[in-house]
Every structure is written in C-alpha cells, then in structure tokens.
Amino acid sequence: MKRIKGMDILKYVFLIIVCFCSAFPFYFMIVGATNSSVDIIKGRLFFGTNLWANIRKLTQTVHLGRAFWNSLRNATVNTLASLFVCSLAGYGFQIYREKGKDTLMSLLLLSMMVPFATIMVPLFRMFSTLRLLDTTAGFILPTISTAFLIFFFRQSSESFPIETVQAARVDGLGEFGIFFRIYVPIMAPTFAAAAIVTFMSAWNNYLWPLIIMQSQDSQTMPLLITGLTAGYTTDYGILMLSVTITTLPTMILFFTQQKRFVEGVLGSVK
Amino acid sequence: MAQRTLTKRINRVGWLFVIPATVFIFVLNFYPMVSAFLLSLQSGRGNNLKYAGLRNYARLFQDEMFLTSVGNVITYLVIQVPIMLMAALVLATLLNDPKLKGKSIFRTFIFLPCATSLVSSAMIFKSFFSIDGLANNALMALGILKSPLSWLTHPVWAKFVIILTITWRWTGYNTVFYLAGLQMIDRSIYESARIDGASSSRQFFMITIPLLKPVILLTTIMSTNGTLQLFDEVRNITNGGPGIATLSISQYIYNLSFIYNPQFGYAAAVSYAILVMVAILSFIQIKAGGKR
C-alpha cells in the first residue's frame, strides 16, 4: 500500500513537470511582450513595464493592423467556404450513399497522402497565371476542400437520422432545403468543431501565404512575425509582442471551446 | 419498383452535393500532382523549360544538398517521432486514470501547445536558444555550462533545438488521439487483469498497446508525413543552417523555386522524392501495423 502511494506522488510530480514545460513558453512569450529586448535577453522572467513602448514600436515598424485584418479575413472566409463545400459533400456521401460515391470518397481520401510540397510549385505557377497572387481567393483555394473535413462530416452524418430526411421529403421539402433547414441546425456542434480547427489552421498557415502573398499589403500575421527577424538585430520585445498577438485568438478559442477543439482535431477517428 | 426509381433519382440529386468538393480536390490537388510530374521531366531556369527526360531524377543522386536534406529529415524522423509518440502514450495513460485528480487542468495544459502556430513556437524556442538567451543563462547559472553554447550554429545542437520545438508543439496533439483511443477501451478488461495479478506495466504492454494499435498506426503515419514535409520550424529557427546542416527537403524545394534562380523542373523532381518517401513509408507502416 505504501509503495502505491509513492507511485501516485511520482505520477503527480511527473504531470506537473510536463504541464510546466507545456505552459512555460507561453508565459515566456507573454512576459516578453511586456519587457524590453535587453531585459528579455538577460532572461528577465517577470512582467515588465515596456508593453506600451513595445506596442508603439511595433505599430511604427510594421503595419500590424493590416496584417491582423488580412489574417482574420483570410481565415474567416476560408472557414466559411470550407465548411460550406465540405459539409455539403460529407452529407452527400453519407445520405445518398451508393457504390459510385463510396469509390469517389476513397479516391478523394488519397489526396491526404499528397504532400503539399509536391503540389506547391505547380499551384504557384497556376495561381500566378490566373493572377491570384496576393488575393484572399488565392489564399483559400488550396485548402477550401479537404478530404479530412469531408470525411469528418460524412462520419458525423452517420448519427443523423435518415427518418428525418424521409419525413421532410413527405412534407415536400427539397433535397437542399432538407440540408439547410434541418441538417445544418441539428448538426451545429459538428459545424462548430470543424470551424475551430479550420480557422486555426488557416490562421496559422505559413508556407502557402509565404509563396503567394508577395506584396506587403497582403501580409498575414505569421509572415509579419518572420519579417521581424529578417534584420541584423532582432528586437525580442516586439517579436514576443507580435507572437503573443498572433497566438491570443487561437488560445482564446482553445480555452473557451476545448471540447469542440478536441472533437475537431480527432475528426472522424472514433 | 417505384420506390427504387425514386431512390435512384434522389441519389442522382446527391451527386450535386459532392461535386463542388470533388472538383476542388481534382483541380487543386490531383491536377497539380500530375503537372508536378510533367514539370519534373523538364529542366531550365525560370519559365524557360525544355523536356529533359529523367535527367532531373539522375541529378538527385549526385546532389549533395538534396542528399543532406534527406539525411536531415530522416534524422528528425527517427529520433523525434518515437520519443514524441511514447511520451504521448504515457501521458494519455496517466490522464485516463479515473482516480486522477485535477484531470481537466492537466489535460488543458498538455493540449495547449497545439493551439499555437508553428511560426510562433519556432520564434519562442529560437529566442530561448539564442547565444545570450534563457537556455544558456539557466545552464550557466546551474554550472552545467561554463561558457555560452552557440546552439543554433552548431550542426548537432541546432538539430536538437528543432527536435525539441517539434516535440513541444506536437506531443499534446498526439495525446488527444491516444486519450480518445483509451476511453474506448472497456475498463473491465483492466479490472480482470488486476484481479489476475498483472502489474501496471504488464497491463500497459499486454492490453493498452495492442488495443490502441490502429490509433498508434494513424499517429505514426501522420507524424511521419508531417516530418517528411517539415518546413516552418527549420526555416524560422535555423533557416537550414549552419551551412545546410538542418535543411529540410521542403525548404530545399522552396529555395530551388523561390530563393535561388528558379529551377521549377528540378524542384518538382525533388518534390516527387517526398511523395515517393511518403508513399513507401506509409505502405510499410500499414503492412507492419496491419498484422493482427
């Protein structure tokens, strides 16, 4: 019995250490946003008084508001478009299930195995011909339809009662009417989970915007951050401030919607 | 009969639901995949490309930068993925203990890193390990280091920092999957194992791991694919340096296409190397994991 107690204490100590390692970089980041570059380098780990100075300096060096708006607009449009296209498809594959559609679904799943690095050069050439560089459309198109989201909606639709669909048909509702008026409201939690993970990955997307967002006007937050370290000396105060500003929206989403976030990450793995 | 034609007609309407998503995937995923292959058969600078047969592929085997980047990525893969997945599995097992107190707080903290962007985590770790950064200060205060270590310009330690960053960012993510998998396992199996006198470690290896096999397979494939395509961390922590000691394959493709005088044809050939590696490794993992 005594030995088990010892094991228990060890477990808690281990978990506390892991949680500390998990959280410490966030603490460092937020504290860093309130300190001067010199203090951060010296390793100061307490809140400082330099927040306003950092904010002023950051807004003077870069177009913070513009980059934040670009990120917000791109990620929001991306989320709405993806949810629309993929939920329609997921619903279609499940409710109108037949052999042909199942084959098509397996084919679409293969796209998950295609590395982005393989398609990025042709995509870039295609998008520059179509004059989609520096546009929101260019930002969202490659991630608008993903096999992951389609499959997530398909699996979630399994729990959607087919009797409801049949009853609605008897009541004279059209197929798209059933989807928009009955399916969407009932499946709101599924949509919320999908929205959270889609928004986060669009917000955090780096490689694709790096390639196509070439003008300063279309810069997103991750690009703004990396731009700050491009010079000879890096001001760690404004770097940590911009990292904090980029991380806050996704952190707030995570803290307030953790259950939905986990559902979204898991997707169709059940 | 009438019922069947009705079903047929409705199923035809169903195609309208799946067509938009399908078109997007074909045009923006499968088509570029095919055109990357056609591009890989051409060589030249910029948009001035000529058919070159398989010459780009032959060039791969003599290209030291390419071979180094493949070696780097395999190093990341072989060291980082097993450590991370083992850690995630252990954490999930601890979190799944019904008697654990403060479970939701522990869980929140462990999942937290997957809410940050890869760029943000790269920047935070980069400043930890800068020459006058926190890591050096702490290690010198503890007497472990006598003088500051230049982590990011040392070929081995730079890799270490990258591996650490990836592990920090993704361990919680994988824990999400294992915890979900564990919650599906019937607790009574563990009860009867305990009555039979099986120790916790024996329960872990004889019950947990075999029952989680599908989830372990999934996370292994996801992590392998992610590591083979590693880009954000390397570009932002070391930019591939010192020299090309930490260069990843994706970054090499990026450099070939957008930093150097563009060689799209050769970049496409390199990108097909990733595609082939992803395909082969996934196939091996499915074969190895699929045996029951």
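What are the residues in the range B:250-288 that are β-branched (Val, Ile, Thr), within 7 Å of chain A (Cβ to nearest Cβ) and within 16 Å of the chain's Cα centre (by Cα), if any? Correct list: B:Ile274, B:Val278. Count of the range B:171-194 residues, restricted to those that are within 15 Å of the chain's Cα centre (by Cα) and surrounded by 22 or more Cβ atoms within 10 Å (Cβ to Cβ), is 5.
Check the range B:32-55 and report whether any residue there is in contact (Cβ under 8 Å) with a residue 60 or more places away in the chain, among the β-branched types (Val, Ile, Thr) and either more than 14 Å from chain A (Cβ to nearest Cβ) or in contact with a helix residue (DSSP H, G or I) (Cβ under 9 Å, 6 or more places away or on another chain) (or both). The answer is no; no qualifying residue exists. Between B:Trp168, B:Trp157, the distinction of being under 20 Å from the mean Cα position of the chain (by Cα) and of a type in the set (A, V, I, L, M, F, W, C) belongs to B:Trp168 only.
Summed over the range A:101-133, the residues that are among the β-branched types (Val, Ile, Thr) and surrounded by 18 or more Cβ atoms within 10 Å (Cβ to Cβ) give a count of 4. Being in a helix (DSSP H, G or I) and facing another protein chain (nearest Cβ under 7 Å) holds for only one residue in B:Pro113, B:Pro82, and it is B:Pro113. Scanning the range B:195-205 for residues that are surrounded by fewer than 16 Cβ atoms within 10 Å (Cβ to Cβ) and either within 13 Å of another protein chain (Cβ to nearest Cβ) or aliphatic (A, V, I, L, M) (or both) returns B:Ile195, B:Ser199, B:Ser200, B:Ser201. The residues listed here are A:Thr229, A:Thr143, A:Thr220, A:Thr136; of these, the one that is touching a Phe, Trp or Tyr at 6+ places or on another chain (Cβ under 9 Å) and either of a type in the set (Phe, Trp, Tyr) or surrounded by fewer than 22 Cβ atoms within 10 Å (Cβ to Cβ) (or both) is A:Thr143. Take the residues of the range A:76-105 that are among the aromatic types (Phe, Trp, Tyr) and touching a residue at least 12 places away in the same chain (Cβ under 8 Å): which is farthest from B:Val23 (Cα to Cα)? Within the range A:76-105, the match that is farthest from B:Val23 (Cα to Cα) is A:Tyr91. For beta carbons closer than 6 Å, sequence separation of 6+ or different chains, a first residue in the range B:117-143 that is at positive phi and a second that is surrounded by fewer than 22 Cβ atoms within 10 Å (Cβ to Cβ) and part of a helix (DSSP H, G or I), there are no qualifying pairs.
Just the residues that are surrounded by fewer than 17 Cβ atoms within 10 Å (Cβ to Cβ), touching a Ser or Thr at 6+ places or on another chain (Cβ under 7 Å) and assigned to a helix (DSSP H, G or I), please, taken from the range A:31-52. If the condition is that a residue be surrounded by fewer than 17 Cβ atoms within 10 Å (Cβ to Cβ), touching a Ser or Thr at 6+ places or on another chain (Cβ under 7 Å) and assigned to a helix (DSSP H, G or I), then A:Leu51 is the only one that fits.
Taken over the range A:249-263, the residue count meeting the criterion of being under 17 Å from A:Ile30 (Cβ atoms) and of a type in the set (Val, Ile, Thr) is 2. The set of residues from the range A:218-232 being within 11 Å of another protein chain (Cβ to nearest Cβ) and either part of a loop (DSSP other than H, G, I, E, B) or β-branched (Val, Ile, Thr) (or both) comprises A:Thr220, A:Ile225, A:Thr226, A:Thr229, A:Ala230. Within the range B:232-255, count every residue that is β-branched (Val, Ile, Thr) and without any contact (Cβ under 8 Å) to a residue 40 or more places away in the chain. Number satisfying all stated conditions: 1. Which of the residues spanning the range A:132-153 are more than 26 Å from A:Ile212 (Cβ to Cβ) and either in contact with a His (Cβ under 7 Å, 6 or more places away or on another chain) or within 10 Å of another protein chain (Cβ to nearest Cβ) (or both)? Scanning the range A:132-153 gives a single hit, A:Phe153.
Just so you know, in the range A:233-261 the residues that are surrounded by 20 or more Cβ atoms within 10 Å (Cβ to Cβ) and more than 22 Å from A:Arg66 (Cα to Cα) include one that is modelled with the highest pLDDT, and it is A:Phe254. When restricted to residues that are facing chain A (nearest Cβ under 10 Å) and among the polar types (S, T, N, Q), the range B:206-245 contains 5. Scanning the range B:246-292 for residues being assigned to a loop (DSSP other than H, G, I, E, B), closer than 26 Å to B:Met222 by Cβ and in contact with a helix residue (DSSP H, G or I) (Cβ under 9 Å, 6 or more places away or on another chain) gives a total of 4. Determine if the range A:215-222 includes at least one residue that is among the hydroxyl-bearing types (Ser, Thr, Tyr), within 24 Å of the chain's Cα centre (by Cα), closer than 30 Å to A:Phe93 by Cα and at pLDDT below 95. No, the range A:215-222 contains no residue that is among the hydroxyl-bearing types (Ser, Thr, Tyr), within 24 Å of the chain's Cα centre (by Cα), closer than 30 Å to A:Phe93 by Cα and at pLDDT below 95. Among the residues of the range B:232-281, those identified as among the small types (Gly, Ala, Ser) and on the phi > 0 side of the Ramachandran plot are B:Gly240, B:Gly243. The residues of the range A:65-95 that are facing another protein chain (nearest Cβ under 10 Å) and within 17 Å of A:Pro185 (Cβ to Cβ), listed by number, are A:Phe84, A:Ser87, A:Leu88, A:Gly90, A:Tyr91, A:Ile95. Condition check: within 19 Å of the chain's Cα centre (by Cα) and free of Cβ contacts under 8 Å to residues at least 60 places away in the same chain. Does A:Ser201 satisfy that? Yes; evaluated as a whole, the condition is true for this residue. In the range B:91-110, the residue that is farthest from the other protein chains (Cβ to nearest Cβ) out of those that are under 24 Å from the mean Cα position of the chain (by Cα) and not hydrophobic (A, V, I, L, M, F, W, C) is B:Thr93.
The values are calculated or read from the model by the stated rules, or taken from the named source; none is laboratory data. Since we're looking at a predicted model, the values are computed, not measured. Note that we place each Cβ from the backbone using ideal geometry, even for glycine, and neighbour counts take in every protein chain shown.
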